[in-house]
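The structure under discussion appears below in the form of structure tokens.
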């Protein structure tokens with residue numbers, strides 16, 4: 001991190017840099033080990049308690065989701081809610097009714113929608129094992145948007161494989177639209193959502209508007225991944241008109257992808 005700041009004093013950091021720092025610290029201590037977190041498959045599978053419980057709740061009320069939205073950075077929150085429904089879809093869907101599974105990511109860090117499917121490191125310095133995943137390049141530096149948990153260059157290998165095979169979908173949404181959705185949700189439900197969660201809320205609202213316009217009835221389910229109590233400064237900036245949208249330039253993504261590990 002200090003080396004990165006020396007080269008770029010205005011650098012705002014990223015999850016990839018934080019992982020490098022943590023691995024370096026653990027590797028330098030005999031009494032410490034480091035367990036890789038949200039991106040890896042075991043974490044995605046542990047999170048599936050969310051989707052398992054959701055399935056039981058839908059059965060209890062006699063309904064089933066037509067579409068599921070969840071925010072996606074590294075992929076564990078999306079995997080947690082969506083993976084149990086992948087198995088249902090593989091068997092033909094619940095009562096012959098498959099469910100669309102949609103990962104929602106920031107337009108400023110569009111890993112699935114604009115990344116490439118390749119082997120890459122899970123951290124900025126290349127300490128982690130290589131993983132085949134959708135990536136923007138391990139030294140990709142996302143802009144300082146407020147959905148911190150979604151500022152990551154790669155995605156879970158399992159999420160990536162499902163997307164590569166067309167079994168799940170992905171959409172990218174902009175920062176201002178997500179905060180607009182979060183405010184609407186807070187006023188309607190009395191719950192202030194985290195900026196990360198606002199991505200799924202935005203996609204769910206957009207889907208509901210499409211249904212209203214088409215007259216089609218759908219059961220729309222989204223994953224509310226956290227509260228926004230520690231993000232009130234971000235909401236203040238939104239109300240003050242200080243936030244802006246940022247879509248990462250294609251040429252900057254190409255430059256980052258040029259540094260992918262060369263495999264033989």
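Mind checking which residues of the range 189-203 are surrounded by fewer than 22 Cβ atoms within 10 Å (Cβ to Cβ) and assigned to a helix (DSSP H, G or I)? Break it down stepwise before answering.
Within the range 189-203, the subset surrounded by fewer than 22 Cβ atoms within 10 Å (Cβ to Cβ) is 189-192.
Scanning the range 189-203 gives a single hit, 189.
Yes/no matrix, rows are residues, columns are (1) closer than 30 Å to residue 245 by Cβ; (2) touching a helix residue (DSSP H, G or I) at 6+ places or on another chain (Cβ under 8 Å); (3) surrounded by 20 or more Cβ atoms within 10 Å (Cβ to Cβ):
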{"position": "33", "(1), (2), (3)": "no, yes, no"}
{"position": "55", "(1), (2), (3)": "no, yes, no"}
{"position": "68", "(1), (2), (3)": "yes, yes, yes"}
{"position": "72", "(1), (2), (3)": "yes, yes, yes"}
{"position": "83", "(1), (2), (3)": "no, yes, yes"}
{"position": "98", "(1), (2), (3)": "no, yes, no"}
{"position": "102", "(1), (2), (3)": "yes, yes, yes"}
{"position": "106", "(1), (2), (3)": "yes, yes, yes"}
I'm told residue 78 meets every condition in (1) at pLDDT 95 or above; (2) surrounded by 17 or more Cβ atoms within 10 Å (Cβ to Cβ); (3) not in a helix (DSSP H, G or I) except one. Can you identify the failing condition by its number? (3)
For the range 226-246: of the residues being in contact with a strand residue (DSSP E or B) (Cβ under 8 Å, 6 or more places away or on another chain) and in a loop (DSSP other than H, G, I, E, B), which is nearest to residue 62 (Cα to Cα)? 226
If you check residue 208 against the conditions, is it part of a helix (DSSP H, G or I), at pLDDT 95 or above and surrounded by fewer than 16 Cβ atoms within 10 Å (Cβ to Cβ)? yes
Picking from 155, 139, which residue would you name as being at pLDDT below 95, out of contact with any strand residue (DSSP E or B) (no Cβ under 7 Å at 6 or more places or on another chain), within 28 Å of residue 25 (Cβ to Cβ) and crowded, with 18+ Cβ neighbours inside 10 Å? 139
Within the range 211-225, track down each residue that is touching a residue at least 40 places away in the same chain (Cβ under 8 Å) and either over 16 Å from residue 99 (Cα atoms) or assigned to a strand (DSSP E or B) (or both). 220, 221, 222, 225
Where residue 239 falls short, out of the listed (1) modelled with pLDDT of 95 or more; (2) crowded, with 17+ Cβ neighbours inside 10 Å; (3) farther than 30 Å from residue 84 by Cβ: (2)
Within the range 251-264, the count of residues that are part of a helix (DSSP H, G or I) and surrounded by 10 or more Cβ atoms within 10 Å (Cβ to Cβ) comes to 6
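Could you identify the single residue in 186, 172, 181 that is surrounded by fewer than 19 Cβ atoms within 10 Å (Cβ to Cβ) and outside any loop (DSSP other than H, G, I, E, B)?
186
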Restricting to the range 158-169, give me the number of residues that are in contact with a helix residue (DSSP H, G or I) (Cβ under 7 Å, 6 or more places away or on another chain), buried (at least 24 other Cβ atoms within 10 Å of the Cβ) and in a helix (DSSP H, G or I). 2
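The values are calculated or read from the model by the stated rules, or taken from the named source; none is laboratory data. Only a predicted model underlies this, so the values are computations on that prediction, with no experimental measurement involved. Don't worry about glycine lacking a Cβ; one is built from the backbone with ideal geometry, like all the others, and counts go over all protein chains shown.
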